[in-house]
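Report on one structure; see the data block that follows.
The values are calculated or read from the model by the stated rules, or taken from the named source; none is laboratory data. Small disclaimer: the values here were computed from a predicted structure and weren't measured. Cβ coordinates were reconstructed from backbone atoms using ideal geometry, including for glycine residues, and neighbour counts include every protein chain displayed. Accessible surface areas use protein heavy atoms only, side chains included; no ligands, DNA or RNA. Shrake-Rupley method; radii C 1.70, N 1.55, O 1.52, S 1.80 Å.
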Amino acid sequence: MNLLLFLHAFITLSLIGVILIQRSEGGGLGIGGGGGNSGSMFTARGASNLLTRITAVLATLFIGNCLLMTIITSSQVRNTASILDSSAPAAPANKS
């Protein structure tokens, strides 16, 4: 379970980073805005498509990891004993 939590934190931070790098349409952060540099490795459109695909993959991994952790946790909770499952204590004896 600790490995899944570490993986979840890594996916979350990666997803936040990728979203913040994307070029914004309406004045958001848009840290990775596309300059007109023709010598860059990606064109503006290619970089945008790549970031969109990475975001989709990370979002899918995020949701899948959430579901997996939920399933594992619910099975662990079901297997643990509850106070309500134990038998009631015996009534105290009357001293009369």
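Apply the Karplus parameterisation 6.51 cos²θ - 1.76 cosθ + 1.60, with θ equal to phi minus 60°, to every residue of region 9-22 and state each ³J(HN,Hα) to the nearest whole Hz, in sequence, with x for glycine and proline. Ordered by residue, 3J(HN,Hα) equals 5, 5, 4, 4, 5, 5, 5, 4, x, 5, 5, 6, 6, 4 Hz.
For the set Thr55, Thr70, the ranking by accessible area, highest first and with no ligand, DNA or RNA atoms included, is Thr70, Thr55 under a 1.4 Å probe. Rolling a 1.4 Å probe over the protein chains gives Val57 an accessible area of about 90 Å².
Remark: spin-label model distance Ser75-Ala59 equals 2.9 nm, labels positioned 7 Å along the Cα→Cβ axis. Residues Met69, Met1, sorted by accessible area with the largest first, give Met1, Met69 [1.4 Å probe; ligands and nucleic acids excluded]. With the cut-off at under 19 Å, measuring from each backbone N in region 1-20 to a point 7 Å along the Cα-to-Cβ line of Leu68 picks out 1-16.
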